[in-house]
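Novice: First the structure, then my questions, so here it is.
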Amino acid sequence: MRPVHTLLIALAALALTAGGVRADAVVFPKNGSVGLVPPAAMQQSPLFAGFENRPAQASIIIVEMPRAAYRSLADGMTPAALKSKGIELSGPIEDVSLPGGAEGKLMRGTQTAGRARVRKWILMAQGAHASALVTVQARADEENVLPDPRGPVALPDDAIEAALRTLTFRAPLSIGEQMAALPFQVGDSAGMRPVRVVAGSSVYYTEGPQDVVRDGSQPVIIIGSSLRRAPAPPMRESYARKLFLTIPGVKSLQITRVDTSKTSGSEWVQVSGLGRDRNSEAPMAVEQIIRFDGSRYVRVVGVVPEVDRSTFAGRFERLASSVTQK
């Protein structure tokens, strides 16, 4: 099964002037191996690997990935592909040189989703041992000013681009160190081993010799913390059903069972179903448990060969029930 999300970022700090960027050290969010010097109005996000200003709905999201993924990522980021996602580029794609000998491609433009229009930057970068994708979103009003406790702080285009050009790669931390920065913790891994942390908000587990499972031959469990507010209680079951049908790496998904329960102040929605591995066509059993805690939630997805469904179900539920928000 392919990872839901995989991207990696890096750059070294530059000497910065007063364009809305602090002349501080590079910050590596969520103990990741990619970081940058953020604009002054933005702080580290507690939910994902990156920076944000929530009142202004502005964000910088960093996703790390293997070094070999850079070429296919760059080839796929065409103007036509971006336009299909509502992103209109405002100029040519720029080749950029980054600190430490890294290289990248920088795109600028706007994105429209419904009635909302935002400024958008996408930076793809490749370092010595990893690659990364950084996406920046900031409101597109005339003032381009973000609220800040110290008063209005301008976030002009050149401040954002100065921050992106500080993208820095460093040697990756251990999987344990990366997991320590996740917004949740796992009390019982049920014999599965963690293999990858993504964007500081998700972790992948598997069992077997492969770290990346592309043919459905090994069980995979993905745990991810919400990056948005949980839906209201009456909408949670339908929301869980909708998310279930978007699980990547599996096609022809069919829901066979939905259960809801409340435990210790949390609401749990479990969805079970069947599908086929997108690459090998092997029949797969799929489980999803979402734990809603107030305005937050954690989603746990398990995918296993259908023949192993009965022996895997208990282990999946054991692991999922041990996940708690920090």
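Novice: Using the structure shown, decide if residue 225 is within 25 Å of residue 130 (Cα to Cα), modelled with pLDDT under 90 and buried (at least 19 other Cβ atoms within 10 Å of the Cβ).
Specialist: Working: within 25 Å of residue 130 (Cα to Cα): yes; modelled with pLDDT under 90: no; buried (at least 19 other Cβ atoms within 10 Å of the Cβ): yes.
Taking the combined requirement at face value, the residue does not satisfy it.
Novice: Moving on to the next point. Condition first: acidic (Asp, Glu), outside the structural domain of residue 46 (by TED's automatic domain parsing) and within 13 Å of residue 219 (Cα to Cα). Can you find one or more residues in segment 286-300 that meet it? It would help to see each step written out before you state the result.
Specialist: Step one: filter segment 286-300 for residues acidic (Asp, Glu), giving 287, 293.
Add one more test, that the residue is outside the structural domain of residue 46 (by TED's automatic domain parsing), and what stays is 287, 293.
Of the ones still in play, those that are also within 13 Å of residue 219 (Cα to Cα) are 287.
Among the residues of segment 286-300, at least one is acidic (Asp, Glu), outside the structural domain of residue 46 (by TED's automatic domain parsing) and within 13 Å of residue 219 (Cα to Cα), which makes the answer yes.
Novice: Quick one: in segment 61-102, which of the residues that are of a type in the set (D, E, K, R) and under 22 Å from residue 31 (Cα atoms) is modelled with the highest pLDDT?
Specialist: Step one: filter segment 61-102 for residues of a type in the set (D, E, K, R), giving 64, 67, 71, 75, 83, 85, 88, 94-95.
Add one more test, that the residue is under 22 Å from residue 31 (Cα atoms), and what stays is 64, 67.
Numbers: 64: 89, 67: 86.
By that ranking, first place goes to 64.
Novice: Does residue 252 qualify as being among the polar types (S, T, N, Q), farther than 16 Å from residue 299 by Cα and not assigned by TED's automatic domain parsing to the domain that holds residue 301?
Specialist: On the way: among the polar types (S, T, N, Q): yes; farther than 16 Å from residue 299 by Cα: yes; not assigned by TED's automatic domain parsing to the domain that holds residue 301: no.
Spelling it out, it is not the case that residue 252 is among the polar types (S, T, N, Q), farther than 16 Å from residue 299 by Cα and not assigned by TED's automatic domain parsing to the domain that holds residue 301.
Novice: Another question about this same structure. Being more than 17 Å from the chain's Cα centre (by Cα) and surrounded by 11 or more Cβ atoms within 10 Å (Cβ to Cβ) is the filter here; which residues of segment 73-84 pass it?
Specialist: Step one: of segment 73-84, the residues more than 17 Å from the chain's Cα centre (by Cα) are 74-84.
Residues satisfying the conditions are 74, 77, 78, 79, 81, 82, 83.
Novice: Filter segment 20-60 down to the residues that are polar (S, T, N, Q) and at pLDDT 90 or above and list them by number.
Specialist: To start, the set of residues in segment 20-60 that are polar (S, T, N, Q) comprises 31, 33, 43-45, 53, 57, 59.
Once the filter is applied, which keeps residues that are polar (S, T, N, Q) and at pLDDT 90 or above, segment 20-60 yields 33, 43, 44, 45, 59.
Novice: On to the next question. Within segment 75-92, identify whether any single residue is in contact with a Ser or Thr (Cβ under 8 Å, 6 or more places away or on another chain), free of Cβ contacts under 8 Å to residues at least 12 places away in the same chain and not basic (Lys, Arg), and answer yes or no. Spell out how you get there, then give the answer.
Specialist: Filtering segment 75-92 down to residues in contact with a Ser or Thr (Cβ under 8 Å, 6 or more places away or on another chain) leaves 86-88, 90.
Imposing the further condition that a residue be free of Cβ contacts under 8 Å to residues at least 12 places away in the same chain reduces the set to none.
No, segment 75-92 contains no residue that is in contact with a Ser or Thr (Cβ under 8 Å, 6 or more places away or on another chain), free of Cβ contacts under 8 Å to residues at least 12 places away in the same chain and not basic (Lys, Arg).
Novice: Being in contact (Cβ under 8 Å) with a residue 24 or more places away in the chain and out of contact with any Gly (no Cβ under 7 Å at 6 or more places or on another chain) is the filter here, so list the residues in segment 244-259 that pass it. Reasoning before the result, please.
Specialist: Taking segment 244-259 and keeping what is in contact (Cβ under 8 Å) with a residue 24 or more places away in the chain, we get 244, 247-253.
If the condition is that a residue be in contact (Cβ under 8 Å) with a residue 24 or more places away in the chain and out of contact with any Gly (no Cβ under 7 Å at 6 or more places or on another chain), then 247, 248, 249 are the ones that fit.
Novice: Checking residue 68 against (1) more than 20 Å from the chain's Cα centre (by Cα); (2) farther than 18 Å from residue 112 by Cβ, which test does it fail?
Specialist: (1) is the only condition that residue 68 fails.
Novice: In segment 228-240, is there at least one residue being on the phi < 0 side of the Ramachandran plot, touching a Pro at 6+ places or on another chain (Cβ under 6 Å) and not in a helix (DSSP H, G or I)? Show your work before the answer.
Specialist: Looking only at segment 228-240, we keep the residues that are on the phi < 0 side of the Ramachandran plot, and these are 228-240.
Of the ones still in play, those that are also touching a Pro at 6+ places or on another chain (Cβ under 6 Å) are 239.
Filter again for not in a helix (DSSP H, G or I), leaving none.
No, there is no match, as no residue in segment 228-240 is on the phi < 0 side of the Ramachandran plot, touching a Pro at 6+ places or on another chain (Cβ under 6 Å) and not in a helix (DSSP H, G or I).
Novice: Report yes if residue 252 is surrounded by fewer than 16 Cβ atoms within 10 Å (Cβ to Cβ) and either hydroxyl-bearing (Ser, Thr, Tyr) or within 19 Å of the chain's Cα centre (by Cα) (or both), otherwise no.
Specialist: Numbers: surrounded by fewer than 16 Cβ atoms within 10 Å (Cβ to Cβ): yes; either hydroxyl-bearing (Ser, Thr, Tyr) or within 19 Å of the chain's Cα centre (by Cα) (or both): yes.
Here the answer is yes, as residue 252 does meet what is asked.
Novice: Moving on. Go through (1) over 19 Å from the mean Cα position of the chain (by Cα); (2) modelled with pLDDT of 90 or more and name the single condition residue 159 misses.
Specialist: All conditions pass for residue 159, except number (2).
Novice: Within segment 51-72, can you find the residues that are among the polar types (S, T, N, Q) and surrounded by 12 or more Cβ atoms within 10 Å (Cβ to Cβ)?
Specialist: Initial filter on segment 51-72 (among the polar types (S, T, N, Q)): 53, 57, 59, 72.
Scanning segment 51-72 gives 53, 57, 59.
Novice: What residue, among those in segment 90-139 that are out of contact with any Gly (no Cβ under 6 Å at 6 or more places or on another chain) and of a type in the set (Val, Ile, Thr), is farthest from residue 76 (Cα to Cα)?
Specialist: Once the filter is applied, the top-ranked residue is 118.
The values are calculated or read from the model by the stated rules, or taken from the named source; none is laboratory data. Just so it is clear, the model here is predicted, and its values are computed rather than measured. All Cβ positions, even for glycine, are placed from backbone atoms using ideal geometry, and neighbour counts span all protein chains on display.
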